[in-house]
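Asks: I am attaching a structure below and will ask some questions about it afterwards.
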Amino acid sequence: METSTRTSEGFPFNCTVCGKQMIVSSCTPLGDTVCPHCGAFLYAHLKELQIDSDDDKKLADLGILVETDDFGEIISAQMNGPRYNDKTIDKLAGLKDIPQIKLYNTALTRQGVERLRKMLPQSSIEEIS
């Protein structure tokens, strides 16, 4: 049995309880998952969200965990693990403003982090090991 996840793998959904957006994989075979915002137990028959912006699509394609506010605006992005490296930065070119970016145990070099800071000068970028 595969358990549900709170990472950005999977498909975008709206929570039917709190209404917030999330990107999760459902557990098979039942198709259930848990809302990472309110903890509500949800089923696979949830209404699938349309990804509204190019930024949302780009981040979802890269598997970057995104937190949004009640209006669907990105308030933070998280890169977790060594699969995120300097090549990932190239794929983020053209992103607009993301207020906060957290880097957890990534394989980004100092030069890669500096490039990210130059690409998104308004973003607060925090490296966490």
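We did not get these values from a lab; they are worked out from the coordinates using the rules stated. Computed from a predicted model, the values in this text were never measured in an experiment. FYI the Cβ positions are ideal-geometry reconstructions off the backbone, even for glycines, and counts take in every protein chain you see.
Asks: Quick one: net charge of residue 126's neighbours, Cβ under 13 Å, K/R +1, D/E -1? Could you put the intermediate results ahead of the total?
Replies: Working: positive: 102, 117; negative: 127.
Surrounding charge for residue 126 is +1.
Asks: I would also like to ask the following. Just to confirm a number: summing +1 for Lys and Arg and -1 for Asp and Glu over residues other than residue 107 whose beta-carbon lies under 9 angstrom from that of residue 107, what do you get?
Replies: Numbers: positive: 83; negative: 86.
Neighbour charge sum, excluding residue 107 itself: 0.
Asks: Follow-up. Using a Cα-Cα cut-off of under 16 Å, which lysines could be cross-linked to residue 57, ignoring same-chain neighbours fewer than 8 residues away?
Replies: Result set, ordered by chain and number: 91, 96.
Asks: Students often check this: by mean Cβ neighbours within 10 Å, which of 98-107, 61-70 ranks highest, and how do the rest follow? Spell out each step's value before the answer.
Replies: Working: 98-107: 17.4, 61-70: 15.9.
Per-residue Cβ counts within 10 Å, averaged per peptide and sorted highest first, yield 98-107, 61-70.
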